[in-house]
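Undergrad: Input: one structure, supplied below.
The values are calculated or read from the model by the stated rules, or taken from the named source; none is laboratory data. Here the structure is a predicted model, which is why all the values come from computation and not from measurement. All Cβ positions, glycine included, derive from the backbone under ideal geometry; neighbour counts span all protein chains shown. All accessible areas refer to the heavy atoms of the entire protein, side chains included, with ligands and DNA or RNA removed. Shrake-Rupley method; radii C 1.70, N 1.55, O 1.52, S 1.80 Å.
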Amino acid sequence: TGTLLGLFIGLVFLQMFLAYLPWDQRYSRFLALLDVVVVTAVLLNFVASGRPLWATNSQVVFLGYLLGLVLVGLRGDPVLARRVAVVAFVGYGGVLALATHGWDLARQPADALYGSFRWDVQVLRLGLLSFCGVAVTYAAKLAEMERKSSRLDALTGVFNRRFLDEYLTMMVARAKRAKQPLSVLMVDLDGFKQYNDTRGHEKGDAMLREVALSLAGAVREDNVVARYGGDEFVVVLPATPGELARQVATDLCQLFTGEITVSVGVACLGPGGGSKRELLRAADEALYRAKRQGGGVAVAG
């Protein structure tokens, strides 16, 4: 029991840390389930050791369920919050079923520390778990919506510069650690200023939205498209070598052959590593050379 409680305390601190990294997929989601699983394991241990009143009446251990729900709510993942809420409810319901099946708790002598068994208290506990589960899931949904809105560019709907900086910092560190390639495409619209001046800002904004949507639809789901500023976009290609990134860049150029074409600069994080700033600078320099060639082409840095 002491080991399980120690593990639970450790998981509490871990979940508090993970709450600050809700979109980092390096951390498996099953860790959030361990909180309520450990609480259930402690209560089941009470039942197995012949102390059913400890399992049904312990307020301190039961609070572990509520704490686990609160912690998963901090991660802003409504799907995960709902799963944890279900596991907590089913877990305690299972403990209660086993305790009442093996013992006639209504006639069990009152424990000196935990008192006597009462069905109204148990129903209240199950109701509390249900209510907290719904509340935490709703709060996580609101947090997810707020987080998404703060990471998206208001005009184009793709990710914004702030998210790009955070994401690229994380991906560069991961690529170095895993010794995997990481490529970046810097995309710029050719002749957009003239288009904007001639057609008007409303048409220009519509064109930016159209280009952003086309970029997002042309790359893989695990690639990230972000508006870098003005009419420039950045596409992050995790685990993508330079040769494949150049092919993606060429395909993007061929995607835009109408009134607006795009120039693309390609940069790849090599085996020797490098920083986020160096990667973006290399992509920007390659983009400059593409513009010097007349635009509508992809150039590798």
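Undergrad: Tell me, which residue of the stretch 29-78 that is modelled with pLDDT of 85 or more and in a loop (DSSP other than H, G, I, E, B) is most open to solvent (accessible area, probe 1.4 Å)?
TA: The qualifying residue most open to solvent (accessible area, probe 1.4 Å) is Arg51.
Undergrad: Now a separate question. Say whether the condition of being without any contact (Cβ under 8 Å) to a residue 40 or more places away in the chain and part of a helix (DSSP H, G or I) is met by at least one residue in the stretch 265-276.
TA: Checked against the condition, which is being without any contact (Cβ under 8 Å) to a residue 40 or more places away in the chain and part of a helix (DSSP H, G or I), the stretch 265-276 yields no hits at all.
Undergrad: Need pairs with beta-carbon distance below 6 Å; first residue at positive phi and within the stretch 68-91, second modelled with pLDDT of 85 or more; sequence gap 6+ or separate chains.
TA: Gly76/Ala140
Undergrad: Starting from the stretch 104-129, keep only residues that are exposed (fewer than 11 other Cβ atoms within 10 Å of the Cβ), then list their pairs with residues that are outside any helix (DSSP H, G or I) whose Cβ atoms are within a distance under 7 Å, requiring at least 6 positions of separation or different chains.
TA: Pairs found: Ala106/Phe117.
Undergrad: Just to be sure I understand, how many residues within the stretch 203-215 are buried (at least 19 other Cβ atoms within 10 Å of the Cβ) and within 16 Å of Val264 (Cβ to Cβ)?
TA: Of the residues in that region, 3 qualify.
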